[in-house]
Structures are given as C-alpha cells and as structure tokens.
1. Cα atoms only: what Rg and Dmax, in Å, come out for segment 299-448?
2. Please report, in cubic angstrom per residue, the volume enclosed by the convex hull of the alpha-carbon atoms of the chain.
3. So for HIS249, HIS309, HIS636, HIS428, fewest C-beta neighbours within 10 Å to most, what's the order?
4. Take every Cα pair under 8 Å in the chain that's 6+ residues apart, average their separations, divide by the length, and report that relative contact order as a whole percent.
5. Give me the count of lysine pairs in the chain whose alpha carbons sit under 30 angstrom apart, restricted to pairs 8 or more positions apart or on different chains.
6. As an exercise, take the mean of 1/r over every pair of distinct alpha carbons in segment 409-479, invert it, and state the Kirkwood radius in angstroms.
7. So which GluC sites (Glu not before Pro) in segment 428-513 end up in coil per DSSP with only 16 or fewer other C-beta atoms within 10 Å?
8. Answer rounded, prolate or oblate for segment 47-103, using the Cα gyration tensor with square roots of eigenvalues a ≥ b ≥ c: rounded when a/c is under 1.5, else prolate when a/b is larger than b/c, else oblate.
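Derivation of every value follows stated rules applied to the coordinates shown; laboratory data play no part. Since the model is a prediction, treat every value here as computed from it, not as a measurement. Glycine gets a Cβ as well: all are built from the backbone with ideal geometry, and neighbour counts include every protein chain shown.
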Amino acid sequence: MSRVHYFDALVLSGVSIVTGVYVTGLPDLLGSRAQVIPVFLGVLAGGFIVGAVSSTVFRRVSLLYSAILAAFLVGVEAYYVSTLPLVGYLELAALFALACSPIIPLGRVLSTGTRPPVRAGWLVVSMGAGVALFFSASVVAYAARGYSGLPLIVLAVDGVGFILVLSQLAAKRVRTKRRGGGGAALDGYHTSPQVGVKIGVRRTFVTIALAGFMVTLILASPVAQANQDLGLATRTPIKHVIFIMMENHSFDNLFGVYPTNNATTPSGLTAQLTKPVNLLDIHPPAQLKAVPTGVYFTADPVEGYIAYHRDWAGGMMSGFASNSGPQSMTYYTSAQMGVEWDLAEQYALADMYFASQLSETAPNRLYSLAGFSPVVNDYGPPPYIPFSESIFAELNNYGVSWAYYVDDPSDGVATLSYFQGIAKYSSHIQSWNQFLEELGNNTLPAVSWLMPIDGGAEGYSQGPPSSVLQGELWLLYIVNTVEHSPEWNTTAIFITYDEGGGYYDQVPPPTLYGTQLGQRVPMLLISPYAKEDYVSNTLLTHTSLLAFVDYNWRLPALNPLVLHSNIPIDMFNFNTSYPQGYTVRPPIPFQQLGFPVPPTIYASSYQQPSSLSQLFPMTPQISLDSLPYPRTGSSHLNLANISSQVYIENDQGYTPAYANSVTIALLYIIMLGITYEAVRRT
C-alpha cells in the first residue's frame, strides 16, 4: 500500500468524524467547558477503535454491508441524541466515540485494488491521527466563529477533504502512467511525463481554489432598512419600555439573603422591608456559602442543558453541588449587591420570575425575543428563527418603533444572528452611545433592548467569572441617566437575567403552557409607576415581558405561549396617588445620595469601591407606612383573558438545505462512493 493511501486514510477518517458528529446531532448535548475532556477522549478512542475494526474486520466485508452498518449506527445514535438524554461524562465520551461509525467502510474503500496488501497497523494509526487532527481543527474553527456556522465548517471539511483525496489519487495515476513510459494524454495533446505532472498539480490547486471561493460565497450575507412609529395609543401611561437582560445568576444567588443579610435579629429599616421567597425562609444546604466581602466574582459553574437538568433533579433542586460544582453553592450579600438591593427596595422585585428554558443563554435570549427557540443549548445559527416570527416583526407590522442597542454593532451582534432576515433592519441595531443620545433628545423608540453583551462589550453582563460589580455600576449609570432624562415620566425599565448560570436556587421551576421553565432569576421593574418596596409573587417568565409589550400597545399575543404568560401588571401603580399628591414618582438623586455613579456608560473606567454595603438600605422615597397599596401581591392577568388573537400560531425554526443533516449525510455518501471508484481504478 503506498503512502498516498495512508494520507487518504488520514483525510477520510477526519472527514468521517466531523460528519458523524454533525449528523448525529451531538452538539445539542454540549454546553460546558467541563465536557471538553470527555468529548476529546471519546473522539480519540473512537478514532482508533473504530479505525482498528474498519482496517481488520471490515476490509474483507462488502462495501454495501459495511456502509449499511455505519448508517444504522449513525441513525440509532441520532435518534437517541434527539431525546436530549441527561448523559454523564462517561456516556458523553461513548457517544462521541460512536460518532466515528462513518469510518467503518473506509477499510474496504482504501483496500480496494491495492498492491501490496494493506498494512492494518499503519492504517489504524493514520485513521486515529486524522480523527484527532480534523476534529481539533473543526472545534477551533467553530470557537473562532463564536460557536456558529457549524454546517459551513462541516461542508468545508468535507469538500476540502475529498478534493485532497481525489487530487492525490489523480497525481498517483499520472505518476503511474509516467512510469509506464508513455506520457499522459491530456486534453488531446501528447505531453511529456513532467508536463503531465505539472498540469495535474495545477489542476489540483485550481480545484482547491474554486472550492475555497465557493465556501467564501456561502459565508457572504445581505443588507437593508427600517420602520416608523405610528404613535399607537397605549393601555397604560407607559410609552417607552427598556429591556435589560444580564447574564447567569439565580434569584437565591443575588437576592438569597435580601434584605437582612442573614441577620438573625434584623432591626431598623431592614426589618420593615418586604422579604421575597429566599434563603431566609429555609435551612439552606450546608455547602451554601456567602461570597466574602471585597470579592465580586466566583468561578463559573458548569452550565448547559444536561447540567441544569441534573441540578434540577426532577424538582428536588438537589443536584447543584455534584453537577454545576461547588462554585454553584454561593450567594452574594449587600457587600456586593448594595445597588441592586436598593433598586429592589425603591421599586418592585419579582420573586417568581423564571427563565423560559432549563438551559443556558442562547435559547433563553431567543425566547425573550421570539417566544420560542430552535436551539436547546449555546450553539448555532443555524438553525434560524424567521424574522417574521419575532417581536421585532410584530412591532414593525403594527407601527411600533423599536431598537436594539449594543456597545458597538460593528463588532457583531451574536444574539440577533439567529434571526433570518434581520439584516434588512440593520438601522434598528444601534450603539450604547446612540441610546444615550436618543434618550437625551427625547427620540427614544417605544421599545428598546439595551444589552450588556454583544457588540464587543466585555465584563458588563455580570456573567461568571466576570465581576458582578462592573455590571452593577453599569446598571446604576443607565438607571440614573434614564431617571434624569425627558423620557422618565413615561418609561418602564425591566432588568432581568437570561438564566440561572448553574447557581443554586431553592424553588423548583414550574411548567407554563406545556413548557418546562428554567431556574428562578431576579426581575426588577424601575419606573415612576413602579410600586415601592413591592415583591410580586406572580408567576412570570421572559415571555411575560413580551406579553406586557403586546398588552400595552394593544397588539395580538406574539404566539400561544405569550398569550398564556402572566403580565407583570401588579408591579405598577397607575391610578392611586401618594400622600404627597402625585402618582408619577420623581427621579431619585443617586449622585447626591453618595452612590458611585460612573461618569460614563463604560463603568470599567471608574474607580470601583471595595464594598457596597454602606449604601443599603437607603431611605425610602415614600414612607413605607403611607404607601397606598399592599407591598406584596400577584396577578393572573394574561392576554388570553382579554382576547384569543395570536400573531404567529405555529413557530417554525428554519434550517437551510445545506445545513440539513440528511443533506450532509447524502453528500458524504456520494463523495465516499466517488472516492471508492477512484481508488478502484487507480
């Protein structure tokens, strides 16, 4: 067997593992860096074990039978993975090893017509090396693309891999003819052997260049434009809604000992504040510890669909320490959360607000913008959400102005890349500075998303292991700026967290309209109409905020889940006057009260305090005993109580034909057949 065939074994085995992982859907099960080692060990073991079986047993078996077996194993694994099993590290490694099944027919393919006979040992080494090399390169490319564009990477690997194999076989054929003495007849002309080889090499490079050009074309994308505000009448005095979604903290992690800091005998103002459902109600697990004063971060808990379901433990909430790790068993106090605790005291806090999915960032952020998600973990796109099925499209359709703000849109907005067709509305995707400018000149759109992630922003989202302080000061700057803007009197700011990040929380998430909700996370309402020191016990989730938009602007529910999501209406006081005679609460002078308000939105440029506990509690804006409403309550208002109208009845994710698993599998089979025929004739 020539060295050319060893090279072919290396390349084809690499193509096989990349194809196998994609077609079986294994990326759906990934969500944590802790899974990296078992994944790589599984791939390496599979490469050598399946390679050994292919090189010895299946080199003597009919190609048809070996191909049928490989297809059967891939199909069974794909079905199993589609059930989203809660596999441990050992099972995960085994699944990635089994994804090497497409290697099975290679022993037969590469042994066909070979003289002298195949050396199985070298063939196994070549296959194992190819699996390691190609899989590692694909993972690096995937990470470099921000964990998106996986189908394009698979197509590129398949295309380049088979081009390399066929070009090697073509070159070998030219060399064989040259040794036969006749020179190669190319394009009807008789040439010398040297010229034939040169032309063969040139053709190989031209073919590879064309393949690269085609991949570049596939990666290219569109452009486009915007809408106008028709000034629709609102149901409430709220004319501007600002959504801010921070990252990865459970309710008990941030508000677990609010408002008494674990004091056994709270006194003074803290004893009068409304207490949410938190750690102060229970005997918490022994492993649960406070983050020390002066420390503003923890290690990142293990994240992902599998880890979070194991944390949840079917509602027992007992798996955090063993699955998301000991770092998940922590909570912050007023030393770190003084500012956010003050916002909860001065305004309204929801203690039964849950992430929309028991998974990580991507699916939850997509639920907050479309009421559903085509992904279950942090991967993609594809699949995509058609723009027409998003809240943006509904607002456009009814003439309600909107914008999505990130630090710098030119640095990319990964969250919005899931929306097929969003490029036509690029003028709606703006910068933090544009937000501040529009806020100051009274031109803020009706609905705004102000995000601490994407657009090159780093460290503002509070997502571990980042400091929670930098994100907290960023929030303080935003709240202070909005309160002292001309928009304040008609604005509601909703501050929430995309998901729990793997941190411990005691409350089992319920289901809503057949959807298993994720971990409980904090939600704050900041508004001149927000009730003071109010704790809402209403069952809420990300789609509840979409429901508020549809309710406020008198729109149909975006989809059936939004239709049945409770609206956080109990957190507002729209009608009852305070003893001072007003209903619209004035701004709070944070700077005059000694709060460390950063001079710019870039809080990292500000000298950060060592502790925030001295800021909490702050004197209530309105005396607690004179408030004209109870300081806790709930509501069951949803859009289904008002109307059954739905904007999108059935949500459907979109996967382009080139990214479909069946397409990739068929392409692999076709290219493998061509390679087999080329080897047979060589």
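1. 18.6, 52
2. For the chain, the hull spanned by Cα atoms encloses 169 Å³ per residue.
3. Sorted ascending by nearby Cβ count, the order is HIS636, HIS309, HIS428, HIS249.
4. 18 percent
5. Summing the qualifying lysine pairs gives 6.
6. 13.5 Å
7. GLU458
8. oblate
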